[in-house]
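The values are calculated or read from the model by the stated rules, or taken from the named source; none is laboratory data. None of these values were measured; they are calculated from a predicted model. A quick note on method: Cβ atoms are made from the backbone with ideal geometry, for glycine too, and the neighbour counts reach across all protein chains shown. Ligands, DNA and RNA are excluded from the accessible area calculation, which covers all protein heavy atoms including side chains. Shrake-Rupley method; radii C 1.70, N 1.55, O 1.52, S 1.80 Å.
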Amino acid sequence: MIDSASETLISLAQAAGELPRRRRGRKVHVSCLYRWSTVGCRGVVLESIQVGATRCTSRQALQRFFERLSESRQAGANSGGPSQPGPIIGHRTLAQRQRASAEAGRKLAELGA
């Protein structure tokens with residue numbers, strides 16, 4: 001949790017500009033930081049706070065985020081297998097949705113709906 005009184009707040013746009021460049025010298029895009037702060041990366045979510053109309057994080061939160069990502073990667077490497085992200089909670093495959101829809105249709109037919 002970000003403590004706005006003791007941590008250095010920066011907007012996601014500022015944070016994107018301060019991070020090391022990626023492939024071919026490109027900056028990290030602000031949408032990447034927004035994604036990290038909402039759905040996360042490999043199960044780790046970047047802490048953020050809404051300040052008026054601006055989504056912010058802190059330098060300390062970025063540090064914690066990168067440390068957690070490094071820990072999760074090292075834990076995967078120590079298990080002997082490749083580091084695979086876990087299943088995404090709440091997301092079903094097309095086949096699962098179709099089976100659930102067919103089952104619901106059968107139950108409705110039994111009830112006479």
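If the condition is being open to solvent by less than 60 Å² (accessible area, probe 1.4 Å) and modelled with pLDDT of 95 or more, then the range 33-53 contributes Leu33, Trp36, Ser37, Leu46, Glu47, Ser48, Ile49. Of the residues making up the range 20-50, those that are part of a loop (DSSP other than H, G, I, E, B) and touching a residue at least 40 places away in the same chain (Cβ under 8 Å) are Arg42, Gly43, Glu47, Ser48. Each residue in the range 1-19 was checked for being assigned to a helix (DSSP H, G or I) and of a type in the set (A, V, I, L, M), and 4 pass.
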